[in-house]
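S.K.: For reference, the structure I am asking about is given below.
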Amino acid sequence: MPASLTRPSGPFSGAWHRLTPFARAQIVGWGLFTLVDLVNRQLTYQDLTVALAMSAVTYLLLVGLSAGLGLVYDRIFSGTVLGARVVVAMAALAAVASTLIVLATVLVRQGFGWSIPDWGAMEEIALPFTHYAVALTGWSLLFFWIRADRQRQAAHAAALSAETQMLAAKAEALTAEIQQLRLQINPHFLFNALNGIAEEVPEHPTAALAMLRDLTDYLRHVLAGIRVPVVPVEEEVAALAAYLRIQQARFGARLRVRVEMDPTAAGRQIANSLLQPLAENAVEHGDRSQVLELAVSVRMEGPALRIDISNTGRLDPAHRLRAGHGLGLANLRRRLDVHYPGRHAFTLDETGGGQVVATLVLEGEACSAS
């Protein structure tokens with residue numbers, strides 16, 4: 001739409017829009033007040049020309065004096081609460097301004113020889129003085145109210161801005177923390193996987209190639225999660241299966257894996273790479289003296305997502321004291337606090353049948369901090 005249709009053009013329009021909102025309110029407000037005064041003056045003077053001239057004089061005086069009062073209030077009472085002392089000072093200043101208006105109008109009338117029919121000297125002074133003193137006192141009260149409202153709005157806006165900046169800073173810190181947690185987990189797994197591939201290359205190149213493909217699939221999932229930190233459960237389970245195939249290739253017949261996923265849980269969102277520390281803990285600290293049985297179950301339990309990862313073994317002090325045993329689980333707990341604050345449960349228990357079971361229950365959607 002052309003600018004000429006959205007805002008009137010011309011010198012007057014440009015000057016008007018350059019005025020402050022306070023100045024515009026002054027002009028309009030006192031203009032309406034003067035229109036009412038004009039009717040009274042016409043009835044008083046019985047002469048439209050005189051009424052118009054006197055109204056113009058008082059209008060200019062009211063605009064100028066009220067602007068001056070505003071400057072005084074901003075300088076002397078800038079942060080003062082409206083109390084008895086301020087009201088008295090306000091009334092006194094309004095009286096001074098009213099006196100100046102009365103003196104000016106008297107001088108104008110005397111200069112042009114205009115008189116008010118049937119009015120004496122006291123009526124010509126006392127009535128206008130009271131009239132303008134009341135008007136300027138009311139204007140002063142309105143000025144204080146509007147200024148206090150603006151200050152409240154400014155304080156509210158400043159508080160919102162500070163809160164927004166604080167939330168942004170927290171989000172940045174959260175992002176950095178999660179990335180740090182990922183870096184603590186992934187290089188450890190990568191080191192083990194590459195060692196396993198290197199061991200397989202000389203005698204079993206086909207198996208090494210399969211491990212390399214699984215490693216590529218898993219790393220693609222992890223790296224994509226840096227940009228998309230929350231993924232469908234089926235993608236997380238597929239990446240976990242690739243990880244476990246690499247471990248099966250490393251340990252051979254000593255590791256048997258079963259992965260089950262409820263189809264109703266496939267589309268549920270979950271934090272990327274959240275399950276890998278549980279599977280890694282089960283593989284590294286499970287009992288591989290004969291055959292390590294590892295089972296992964298992912299299903300819906302009411303509205304919550306439940307993951308069970310079990311392995312043969314025991315939760316004894318010797319397992320807990322192995323190098324690096326607590327790092328992955330500590331990172332997992334921290335990530336649960338970040339992605340599911342107050343909406344998760346994690347347990348690591350030993351059953352009577354020589355099984356260690358890690359159970360994770362996640363309620364609601366994961367917070368998508370990256």
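FYI, it's all coordinate maths here, none of it is from the lab. Since the model is a prediction, treat every value here as computed from it, not as a measurement. Methodologically, a virtual Cβ is constructed for each residue, glycine included, from the backbone with ideal geometry; neighbour enumeration extends over all protein chains shown.
S.K.: Express the relative contact order of the stretch 18-159 as a whole percentage, based on alpha carbon pairs under 8 Å and six or more residues apart in sequence.
M.R.: Result for the stretch 18-159 is 26 percent.
S.K.: Quick check: net charge around Gly70, other residues with Cβ under 13 Å of its Cβ, Lys/Arg +1 and Asp/Glu -1? Show your work: numbers first, answer last.
M.R.: Working: positive: Arg75, Arg147, Arg150; negative: Asp74.
Summing Lys/Arg as +1 and Asp/Glu as -1 gives +2.
S.K.: Could you please rank Met90, Met211, placing first whichever residue has the fewest other Cβ atoms within 10 Å of its Cβ?
M.R.: So the residues, fewest neighbours to most, are Met90, Met211.
S.K.: Using Cβ contacts closer than 10 Å as the measure, can you line up Trp114, Trp16 from fewest to most? Could you put the intermediate results ahead of the total?
M.R.: Working: Trp114 16, Trp16 13.
Neighbour counts put them in this order, fewest first: Trp16, Trp114.
S.K.: Here's a follow-up. List the residues, sorted by chain then number, that are 5 or more residues from Leu255 or on another chain and whose placed amide H is less than 5 Å from its amide H.
M.R.: Leu292
S.K.: Would you order Asp74, Asp118, Asp47 from fewest to most other beta-carbon atoms within 10 Å of each residue's own beta-carbon?
M.R.: Sorted ascending by nearby Cβ count, the order is Asp118, Asp74, Asp47.
S.K.: Skipping prolines and chain starts, which residues have an amide H placed within reach, meaning under 5 Å, of the one on Val230, given they are 5 or more residues away or on another chain?
M.R.: Residues meeting the amide H criterion: Asn272.
S.K.: Which of the three applies to the stretch 3-162, rounded, prolate or oblate, going by the alpha-carbon gyration tensor with a ≥ b ≥ c and a/c under 1.5 meaning rounded?
M.R.: Verdict is oblate for the stretch 3-162.
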